[in-house]
Amino acid sequence: MMMSDGTRKETFDWAGVKTRLARAQESLRSAENLNETQIKALMAERARQLARIPDRAIDTSELIEVVRFRLGSEEAAIETRFVLALMQPQSITPIPETDDFFVGLTNLRGEITAIIDLGCFLGLSGETRRDAQVLVLGTEKPECAILVNDLQHVTTIRKQDIRQPSGGLGSVVDLLVGCTADAIMIFDGDALLRCDRIYIDQNDQP
């Protein structure tokens, strides 16, 4: 409708208001006809809807992906980004005049690679079979391989669930990111690959 000054006056939507009122009255009448069981069920459903916590997308930066395995009787893991393969070496050449934890050398993907009995090196309990499979470690090419009694599975661990390793682990501590509540040792791949004691200069080999 136009006003005398030329402006337009908005008309009130009475029809819309009446429609909404009619719907509200119908809802009230329906509620009045509910029996006690239906009312309780309705209230319970509303309570569930109000209590529902919206799903939160998991921030992948909070997780690390690891390979779990056994070293002797101990549970261990290492991030998958340091694992190139799990394999059974075709042949192993013993390394003369080296420590007991050096199992030997083998050819992995064209790279002469040292196989380490990591459990023996760290003085962990239990014994790892010398004919066990090896976990090949490296970033771009094989750098070393460690004997593992049993490869369990690949899983993810929340960083916040990793605890500081206890002092009772001795020299192992320097090679760990930490431990989980169920005593799984999480190895630090960078520290392990930089460890001088398990490095063999192939130029010194005959």
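The values are calculated or read from the model by the stated rules, or taken from the named source; none is laboratory data. For clarity, every value in this text was computed on a predicted model and none was experimentally measured. Positions of Cβ are generated from backbone atoms using ideal geometry, with glycine treated the same way; all protein chains shown enter the neighbour counts. Accessible surface is based on the protein model in full, side chains and every heavy atom, while ligands, DNA and RNA are left aside. Shrake-Rupley method; radii C 1.70, N 1.55, O 1.52, S 1.80 Å.
Once the chain from Q164 to D190 is taken as fully extended at 0.36 nm per residue, the excess over their C-alpha distance is 7.6 nm. Computed extension gain for R81 through E111, at 0.36 nm per residue and net of the alpha carbon distance, reaches 8.9 nm. Packing order of peptides 110-117, 138-145, highest average first: 110-117, 138-145 (average count of other Cβ atoms within 10 Å over each peptide's residues). By a 1.4 Å probe calculation restricted to protein chains, L86 has an accessible surface near 70 Å², given to the nearest 10. Subtracting the Cα-Cα distance of H153 and T93 from their residue separation scaled by 0.36 nm leaves 18.7 nm.
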